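> Could you have a look at this structure, given as structure tokens, before my questions?
The values are calculated or read from the model by the stated rules, or taken from the named source; none is laboratory data. The structure presented is a predicted model; accordingly, all values stated were derived computationally and were not measured. Cβ placement follows ideal geometry from the backbone for every residue including glycine, while neighbour counts extend to all protein chains displayed. Note: areas computed on protein heavy atoms with side chains; ligands, DNA, RNA excluded. Shrake-Rupley method; radii C 1.70, N 1.55, O 1.52, S 1.80 Å.
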Amino acid sequence: MPHWSVYTGTNQPHDGIAELPAPPPWRAFDGGPALPPPGDTDDEAAVSPDRMHRARTYVPTPESVQLVNAALCLRRPLLVTGPPGTGKSSLAYAVARELRLGPVLRWNITSRSTLADGLYQYDPLSRLYAARRDDGPGPAPDGIEDHLRLGPLGTALLPYDRPRALLVDEIDKSDLDLPNDLLNILEEGQYEMPELVRAARHTTDGSAQVLADGTDTPVPVLRGRVRCRAFPFVVLTSNGEREFPPAFLRRCVRLRLRRPERAQLTDIVRAHLGEPDAEAETLITEFLTRAGTGELATDQLLNAIYLTGIAGLQADSREKLAEQLMPYLSAAADGDGV
């Protein structure tokens, strides 16, 4: 029987995504012929070691597990906010690994990012050079699809038989228009590539083979139109540097990550570095005390525990090094602000 809570947060990969209930009628998609899954995130050749480590060691809160399942079940993006170092982006990798969704598609947002960057890239100059090079006798010039590559968002919306995981990192750094532009695409679960739409009028079947993000394997695009079958698991992260439009917020499942309490912090240290010793417990206490008066990130604590555990450091050197490795993230907390 289908069950809505397919993500458990136990870091044990499984095929529970197949048990996800049917989508709500207003979030059902019917893209073209199903594409096979891109592979298992446990494949070290497909996922970089640092990201694999983040996926394996992520420690979610019960609230995170519940809201991830809500986003999966409702086929809605998950907007994750919280202070730096609370694991916003690592959540996407952990879910993708547990549910075997394939390598995470990552789109890093800057102030210059546009919707087109996430959907696909078209290089008209390379096509012009190819046409000039192939002018005359010999093989036919390259087709337009040879100068197109799907971006992370465009790839996530391909008609895969099971969801892909898409991380849209630091969306609060975008310009004012991107959240609403992105919302429209995710609401419809589809987009067009005008270059291929025009080219399809001059072909018999209208099919083109286009490279997907993160791979050299082409995928079919029919008549320049892409529509998903399984809505992707979309994680949008934000450091809270701006407000989002109400329409955008209404269509997202929202998760607010807070600084971890001692029990979760100990679990995080254990997952990364093994059972905490007395020195590590002392540093955890110091971290929690300092975090109460300023902004610190969890990876600062991990750095301190790792380095102070190296043999040969004297006790006073350990204390000084730990203090240097855990500075406040804002100048005001250090007394340098105005």
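> So which of Arg54, Arg106 is open to solvent by 30 Å² or more (accessible area, probe 1.4 Å), under 16 Å from the mean Cα position of the chain (by Cα) and free of Cβ contacts under 8 Å to residues at least 60 places away in the same chain? Show your work before the answer.
On the way: Arg106 fails: free of Cβ contacts under 8 Å to residues at least 60 places away in the same chain.
None of the other options fit; the residue is Arg54.
> Looking at (1) within 18 Å of the chain's Cα centre (by Cα); (2) closer than 18 Å to Arg254 by Cα; (3) assigned to a helix (DSSP H, G or I); (4) not aromatic (Phe, Trp, Tyr), which one does Pro84 not meet, given that it meets all the others?
(3)
> Also: Looking at segment 244-264, is at least one residue surrounded by 15 or more Cβ atoms within 10 Å (Cβ to Cβ), closer than 23 Å to Leu329 by Cβ and among the β-branched types (Val, Ile, Thr)?
no
> Return the pairs, sorted by first residue and then second, in which the second residue is open to solvent by 50 Å² or more (accessible area, probe 1.4 Å), the first residue lies in segment 183-194 and is at positive phi, the beta carbons are less than 7 Å apart, and the residues are 6+ apart or on different chains.
As it stands, the answer is Gly189/Arg227, since those pairs meet every condition given.
> So if I check each of Ala263, Ala291, which one is farther than 26 Å from Ala70 by Cβ and among the aliphatic types (A, V, I, L, M)?
Details: Ala263 fails: farther than 26 Å from Ala70 by Cβ.
Just a single option satisfies the conditions, and that option is Ala291.
> Tell me which residues, restricted to segment 231-243, are open to solvent by less than 20 Å² (accessible area, probe 1.4 Å) and out of contact with any strand residue (DSSP E or B) (no Cβ under 9 Å at 6 or more places or on another chain).
Phe231
> Here's something else I'd like to know. Any chance you could count how many residues in segment 264-278 are of a type in the set (Asp, Glu) and more than 26 Å from the chain's Cα centre (by Cα)?
Adding up the residues that qualify gives 2.
> Same structure again: Can you pull out the residues in segment 57-75 that are open to solvent by less than 40 Å² (accessible area, probe 1.4 Å), in contact with a strand residue (DSSP E or B) (Cβ under 8 Å, 6 or more places away or on another chain) and within 17 Å of Glu19 (Cβ to Cβ)?
Selection gives Val68, Ala70, Ala71, Leu72.
> Still on this structure, I have one more. From the list Asp213, Asp267, Asp277, which residue is acidic (Asp, Glu) and open to solvent by less than 60 Å² (accessible area, probe 1.4 Å)?
Asp213
> In the set Asp181, Asp172, Asp146, Asp205, which member is surrounded by fewer than 20 Cβ atoms within 10 Å (Cβ to Cβ) and in a loop (DSSP other than H, G, I, E, B)?
Criteria check complete, one pass: Asp205.
> In the set Arg100, Arg76, which member is charged (D, E, K, R), modelled with pLDDT of 95 or more and not in a helix (DSSP H, G or I)?
Exactly one of Arg100, Arg76 is charged (D, E, K, R), modelled with pLDDT of 95 or more and not in a helix (DSSP H, G or I), namely Arg76.
> State all residues of segment 184-200 that are part of a helix (DSSP H, G or I) and surrounded by 19 or more Cβ atoms within 10 Å (Cβ to Cβ); if no residue qualifies, say none. Please lay out each step first, then the result.
Initially, segment 184-200 is screened for residues part of a helix (DSSP H, G or I), giving 184-188, 194-200.
Leu186, Leu196, Ala200 - these are the residues of segment 184-200 that are part of a helix (DSSP H, G or I) and surrounded by 19 or more Cβ atoms within 10 Å (Cβ to Cβ).
> Given (1) closer than 30 Å to Phe233 by Cβ; (2) buried (at least 19 other Cβ atoms within 10 Å of the Cβ); (3) not small (Gly, Ala, Ser), where does Thr308 come up short, assuming only one miss?
(1)
Let's see how each residue does on (1) modelled with pLDDT of 95 or more; (2) under 20 Å from the mean Cα position of the chain (by Cα); (3) under 30 Å from Leu20 (Cβ atoms):
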residue: Ala200; (1), (2), (3): no, no, no
residue: Pro246; (1), (2), (3): no, no, yes
residue: Arg258; (1), (2), (3): no, yes, yes
residue: Arg262; (1), (2), (3): no, no, no
